[in-house]
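Engineer: What follows is a structure written as C-alpha cells; I'll ask about it next.
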Amino acid sequence: MVPVPDRQARREASPYAPAWDAVRESIRGRILPESFDRWIAPLCIADVKGEGVVIDAPDADVAEWVEEHYQGIIRRALEEAGMPCRDLTVMADSRERRHV
C-alpha cells in the first residue's frame, strides 16, 4: 500500500513524526513483516491531546482492522515512546473516527 501524496506530506510535516517512527520501529519487531507493511506502515499520528492519540489511517478497512487487532500493541509502543495513551482513536481517510 503506497500512501497518497497528501497523506505522505501530512506524515512528513507532522510534529509527531519522530515519535511515530519510534512507535513503528517498536511494532515492526513484534509482528510479521507482511502484517506490518499492510496495517501499520500506512498509519501516522494525526494529533495528540493529553493522553489521547489520534491515528490517521488511509481508509476505513485499515482503520477497522487496526481497531480490532492492533490497539494493544500500538498503546504499548506509544507508552514505551513516552506517550501514555488512554484514548486511542483511528481516523480513516481523515474523515471517519473510530475509538479503540
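Engineer: Look at region 68-86 and say how many of its residues are at pLDDT 90 or above and touching a strand residue (DSSP E or B) at 6+ places or on another chain (Cβ under 8 Å).
Structural biologist: 4
Engineer: Moving to a separate point now. Name the residue that is surrounded by the most Cβ atoms within 10 Å (Cβ to Cβ), counting only residues in region 20-46 that are under 15 Å from Gly82 (Cα atoms) and of a type in the set (Asp, Glu).
Structural biologist: Within region 20-46, the first condition is being under 15 Å from Gly82 (Cα atoms), and the residues that meet it are 20-27, 45.
Right, trim to of a type in the set (Asp, Glu) and you get 21, 25.
Details: Asp21: 13, Glu25: 11.
Taking the candidates together, the pick is Asp21.
The values are calculated or read from the model by the stated rules, or taken from the named source; none is laboratory data. Only a predicted model underlies this, so the values are computations on that prediction, with no experimental measurement involved. So basically every Cβ, Gly included, is an ideal-geometry build from the backbone, and we count neighbours across all protein chains shown.
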